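Here's the structure we're looking at; comments come further down.
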Amino acid sequence: MINMQRRIIPAPVTVLGNLLDRLAGPGDLLWPVDWEPLRLDRPLAAGATGGHGALRYTVTAYQPGLRVRFEFTEDAPMEGYHELWVRALAPDRAEMVHIVVARPRGPMLLLWPLATRWTHQALVADLLDNAERAATGRVRHPARWSPWVRLLRAVTPAPVAEPAP
């Protein structure tokens with residue numbers, strides 16, 4: 001499967017790149033607080049391991065200010081990777097892209113089409129809203145969770161906020 005979401009944001013690519021570089025670290029403005037937190041065992045760099053919720057992955061590529069690739073671990077319910085990158089479109093306009101290229105396995109063969117796909121897309125849409133808000137001060141067209149995502153979220157335990165280290 002391939003799942004891609006993108007957002008064009010009226011800001012320089014360096015602004016989005018700075019947001020990307022803070023992912024999973026202190027001052028992370030991208031990761032949505034209403035979702036399971038993204039945690040890594042060390043600062044964002046190739047070799048860092050972690051994930052969010054039950055999904056585990058390793059950072060296998062990191063180009064500061066441009067791109068990060070996470071490959072799913074062998075025990076993850078998916079085989080493949082997901083990436084977040086930014087690219088300049090003009091001096092004051094850039095695009096942020098998230099892509100998953102993976103093969104579900106085990107229970108995820110059923111969970112992906114029924115639930116995970118929809119909640120994943122909502123999480124990434126919230127992340128892109130955060131990028132736009134942090135870069136420009138507002139979100140022109142905020143993401144809205146579908147009734148299905150709201151139902152799935154209602155029956156799923158809320159993430160537990162942990163104190164910062």
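Before moving on, here are some points about what is shown:
- Summed residue charge, Cβ within 14 Å of Pro64's Cβ, Lys/Arg positive, Asp/Glu negative: +2
- If R0 is taken as 41 Å, the Cβ-Cβ distance between Leu111 and Ala90 corresponds to a FRET efficiency of 0.55.
- Global form of region 46-91, assessed from the alpha-carbon gyration tensor, a/c cut-off 1.5: prolate
- Prolate/oblate/rounded label for region 2-154 (Cα gyration tensor, a/c 1.5): oblate
- Backbone geometry of region 33-49 corresponds, through the Karplus equation with coefficients 6.51, -1.76 and 1.60 at θ = phi - 60°, to 3J(HN,Hα) couplings of 6, 7, 10, 3, x, 8, 10, 10, 6, 7, x, 3, 5, 4, x, 5, 10 Hz, x marking Gly and Pro.
- Helix runs (DSSP H) in the chain reaching 20 Å along axis by Cα, Kyte-Doolittle at least -0.5: 117-136
- Mean Cβ count within 10 Å, highest first, over the residues of peptides 28-34, 148-154, 87-93: 28-34, 148-154, 87-93
- Euclidean distance of C-alpha centroids, region 96-162 and region 13-82, integer Å: 15 Å
Every number here is computed from the coordinates shown, using simple stated rules; none is lab data. Just so it is clear, the structure is predicted and the values come from calculations on it, not from any experiment. Positions of Cβ are backbone-derived with ideal geometry, glycine not excepted, and every protein chain shown enters the neighbour counts.
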